1. Can you name every residue in segment 19-59 that is among the polar types (S, T, N, Q) and surrounded by 24 or more Cβ atoms within 10 Å (Cβ to Cβ)?
2. Could you tell me which of the residues Gly75, Gly82 is of a type in the set (Gly, Ala, Ser), modelled with pLDDT of 95 or more and touching a helix residue (DSSP H, G or I) at 6+ places or on another chain (Cβ under 6 Å)?
3. Mind checking which strands (runs of 3 or more DSSP E) fall wholly inside segment 257-371 and carry at least 2 residues that are surrounded by fewer than 18 Cβ atoms within 10 Å (Cβ to Cβ)?
4. For segment 357-383: of the residues being out of contact with any helix residue (DSSP H, G or I) (no Cβ under 9 Å at 6 or more places or on another chain) and of a type outside the set (Lys, Arg), which is farthest from Trp89 (Cα to Cα)?
5. Can you confirm whether segment 215-231 contains a residue that is within 24 Å of the chain's Cα centre (by Cα), outside any helix (DSSP H, G or I), crowded, with 22+ Cβ neighbours inside 10 Å and of a type in the set (D, E, K, R)?
6. State yes or no: is Phe401 in a loop (DSSP other than H, G, I, E, B), of a type outside the set (D, E, K, R) and at pLDDT 95 or above?
7. Right, Ser305: in contact (Cβ under 8 Å) with a residue 24 or more places away in the chain and within 29 Å of Ala2 (Cβ to Cβ) or not?
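The values are calculated or read from the model by the stated rules, or taken from the named source; none is laboratory data. Just so it is clear, the structure is predicted and the values come from calculations on it, not from any experiment. Heads up, the Cβs are rebuilt from the backbone with ideal geometry, glycines too, and the neighbour counts pull from every protein chain shown.
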Amino acid sequence: MARAFLVVLDSVGCGGAPDAGLFFNGDVPDTGANTLLHIARACAAGRAEEGRSGVLRLPNLDRLGLGAAIRLSCGEAAPGLGAAPQGLWGAATEVSNGKDTPSGHWELAGVPVPWEWTRFPDTVPAFPEELVAKVCVLAGTEGILGNCHASGVPIIERHCAEHLRTGWPICYTSADSVFQIAAHEEAFGLERLYRLCEDLAPVLHAMKVGRVIARPFTGSCGDFRRTKNRRDYAIAPPAPTLCDRVQAAGRRVYGIGKIGDIFAHRGIDEERRGSDAELMAHLSELVDTAEEGSLTVANFVEFDSDYGHRRDVSGYARALEWFDSCIGPILARARRDDLLLFTADHGNDPTWPGSDHTRERVPVLAHGRGRRGVGLVGFVDVAASVADHLGIDSAGTGRSFLG
């Protein structure tokens, strides 16, 4: 019985979104944003030399059709990515009105977002007084820190000392529909942070805010680090997803990374967490051991969290090259009836102004179902294709491009 592995490279977009002009980083529209193309150009021009050197080298992804997918999406060639495709390849366009993690993943799983997400204004303060009061009651504090749009590392740097002195949680948001809370794992308490986010989540979900995110850190001011114990408390998808349908068919579903959080822990039989290096080890193991008929869904987040938001082009390129080097042996061990499908949920162009996601199409690359281009497809077509491969009902969402 066939198995499927749906691997999401978080934020690895390839430009060309027809509605990019409707999405912004600050007052700059996302028109022309292209995560992969601009990283490849920076590498070729010698502008991404920290910890690596030269053109962007992604031989395994490129053999599947990555360079061809970029050209299809935006009409431009990425330096160093010109291999003749040996897999199934295309590019996918999102219809949900968002460039965030839940919107992308839900739609890839067959469920476009049917509502408008609530996003907080880019003002200081950013949050309404009644919400701040609720956070204070749940946290047992007299106030909060932050209360603005921010990127995670800078806002911790700004408020670390006051957080350790007062115990007040650091609360911030972004252009996405999120409410993030950073707190020190020891001084504030990791379980206390989780409990605060879990208790607050229903309030935010009722407001159609997509996620409450726990952002724990350790260390001292000036020498702190965010830990791998991040946890997302996401609103539940409004309809059964690919994961739900596979599970309902009596098959096993594995979630690697934050997949369980994204889908509100619904439709997932087993969750495996860790750093991206640990997640790669989980994926490698499941290629060897996952049951016949099973679905594995993985999210590799560090492209986005560690390099995209921080506008670190060299770091993003290093992460891409590391990922590519790891999947070669995995592809070689795949079983004859396996489908390994690589895609992304949105863009996060590290050369773009601002620090938020960018609206882009995403590559669709598949190993195990022939060698051909599938053209421009929809995010929901990914779900329909995985369901087709597994021989289950796709519930009428999307069209399979497997042929």
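1. Residues satisfying the conditions are Asn34, Thr35.
2. Gly82
3. Where strands (runs of 3 or more DSSP E) fall fully within segment 257-371 and carry at least 2 residues being surrounded by fewer than 18 Cβ atoms within 10 Å (Cβ to Cβ), they are 270-272.
4. Restricting to residues being out of contact with any helix residue (DSSP H, G or I) (no Cβ under 9 Å at 6 or more places or on another chain) and of a type outside the set (Lys, Arg), the top hit is Asp381.
5. yes
6. On the way: in a loop (DSSP other than H, G, I, E, B): yes; of a type outside the set (D, E, K, R): yes; at pLDDT 95 or above: yes.
Taking the combined requirement at face value, the residue satisfies it.
7. Considered against the rule, which asks whether it is in contact (Cβ under 8 Å) with a residue 24 or more places away in the chain and within 29 Å of Ala2 (Cβ to Cβ), Ser305 comes out as no.
Table: residues versus (1) surrounded by fewer than 22 Cβ atoms within 10 Å (Cβ to Cβ); (2) farther than 24 Å from Val124 by Cβ; (3) touching a helix residue (DSSP H, G or I) at 6+ places or on another chain (Cβ under 6 Å).
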{"residue": "Ala139", "(1), (2), (3)": "no, no, yes"}
{"residue": "Pro154", "(1), (2), (3)": "yes, no, no"}
{"residue": "Glu162", "(1), (2), (3)": "yes, no, no"}
{"residue": "Thr166", "(1), (2), (3)": "yes, no, no"}
{"residue": "Ala182", "(1), (2), (3)": "no, no, yes"}
{"residue": "Arg192", "(1), (2), (3)": "yes, yes, no"}
{"residue": "Cys197", "(1), (2), (3)": "no, no, no"}
